[in-house]
1. Let me spell it out: the conditions are (1) of a type in the set (Asp, Glu); (2) over 30 Å from PHE151 (Cα atoms); (3) crowded, with 17+ Cβ neighbours inside 10 Å, and GLU87 meets all of them except one. Which number is the exception?
2. Just give me the residues in segment 1-15 being within 25 Å of ILE107 (Cα to Cα) and either within 22 Å of the chain's Cα centre (by Cα) or outside any helix (DSSP H, G or I) (or both), in sequence order.
3. In segment 95-128, which residues are buried (at least 16 other Cβ atoms within 10 Å of the Cβ), assigned to a helix (DSSP H, G or I), aliphatic (A, V, I, L, M) and touching a residue at least 60 places away in the same chain (Cβ under 8 Å)?
4. I'm trying to understand the selection: among the residues of segment 46-89, which are among the basic types (Lys, Arg) and within 21 Å of TYR117 (Cα to Cα)?
5. Taking the stated definitions as given, is GLY112 of a type in the set (Gly, Ala, Ser) and more than 15 Å from the chain's Cα centre (by Cα)?
6. Condition (residue is over 28 Å from LYS164 (Cα atoms), in a helix (DSSP H, G or I), over 17 Å from the mean Cα position of the chain (by Cα) and not hydrophobic (A, V, I, L, M, F, W, C)) applied to segment 50-72: is it met by at least one residue?
7. I want to confirm something. Restricting to segment 143-172 and keeping residues that are touching a residue at least 40 places away in the same chain (Cβ under 8 Å) and in contact with a helix residue (DSSP H, G or I) (Cβ under 6 Å, 6 or more places away or on another chain), which single residue is surrounded by the most Cβ atoms within 10 Å (Cβ to Cβ)?
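The values are calculated or read from the model by the stated rules, or taken from the named source; none is laboratory data. If you're wondering where the values come from, they're calculated on a predicted model, not measured in any experiment. As a convention, Cβ positions derive from the backbone with ideal geometry for all residues, glycine included, and neighbour counts pool all protein chains shown.
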Amino acid sequence: MPRGFSEEQKKIINERLKKEGLKLFEKYGLQKTTVEEIAKNSGISKGAFYLFYPSKESLFFEIIEKIERDFKKKLFQEIEKSEEKPEEILRKLIMNSFNFIFSNPIIKNLSGKDLTYLYNTIPSQTIDKHMSVDISQFLNFISQQMDKGYFPKKDTQKLKSFFKIFEMIIFSKDRLDDLEFNSIIEILTESLVSYLKRPD
């Protein structure tokens, strides 16, 4: 825990680090932003930064997790009110999630190399937990529809594989233009919907 700061100061500094970090990451990107810049803009020393975060990558990851968490909360609240068919809701969940990823200023500028760099820097258990939470939100929605009898019961492991493929596609975005990327997402989404509706 940070030493030499009161609890109130810790909260204020931590929020300032996230606020200033967000600005710098949006402007310069993950790899070009330095700890020195973040600390200076936040009004603390470089050494004090490491009392709050072990690395700039950890700060970056916490920032994007918060952004994504807020987006997903709003997204899933909206679908609870929807009267559309479950497969249409699922299509929107997937497409809106990808649209968010590639429209958000801090996330859309991440290249495949940046993502690989980030995932190699952050502890694997943190990455695994993040991905597990992401996938579980979609699986929970699908499971609810299965329980209601709208979709036949399916193997959860196979469903997880679909969403892992979606995640893998993100790492390949540098090699695809927008049309190719959107086409692949649409094809995968329709494959998932067809699989869910197919009687076993």
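1. Failed condition: (2).
2. ASN14, GLU15
3. Within segment 95-128, ILE101, ILE106, LEU118 qualify.
4. Within segment 46-89, LYS56, LYS66 meet the criteria.
5. On the way: of a type in the set (Gly, Ala, Ser): yes; more than 15 Å from the chain's Cα centre (by Cα): no.
The answer is no for GLY112.
6. Taking every residue of segment 50-72 in turn, at least one turns out to be over 28 Å from LYS164 (Cα atoms), in a helix (DSSP H, G or I), over 17 Å from the mean Cα position of the chain (by Cα) and not hydrophobic (A, V, I, L, M, F, W, C).
7. If we take residues in segment 143-172 being touching a residue at least 40 places away in the same chain (Cβ under 8 Å) and in contact with a helix residue (DSSP H, G or I) (Cβ under 6 Å, 6 or more places away or on another chain), then PHE151 is surrounded by the most Cβ atoms within 10 Å (Cβ to Cβ).
This table checks each residue for (1) in the same structural domain as PHE141 (by TED's automatic domain parsing); (2) among the basic types (Lys, Arg); (3) surrounded by 13 or more Cβ atoms within 10 Å (Cβ to Cβ); (4) more than 23 Å from ILE170 (Cα to Cα).
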{"position": "GLY47", "(1), (2), (3), (4)": "no, no, no, yes"}
{"position": "LYS66", "(1), (2), (3), (4)": "yes, yes, no, no"}
{"position": "LYS73", "(1), (2), (3), (4)": "yes, yes, no, no"}
{"position": "GLU80", "(1), (2), (3), (4)": "yes, no, no, yes"}
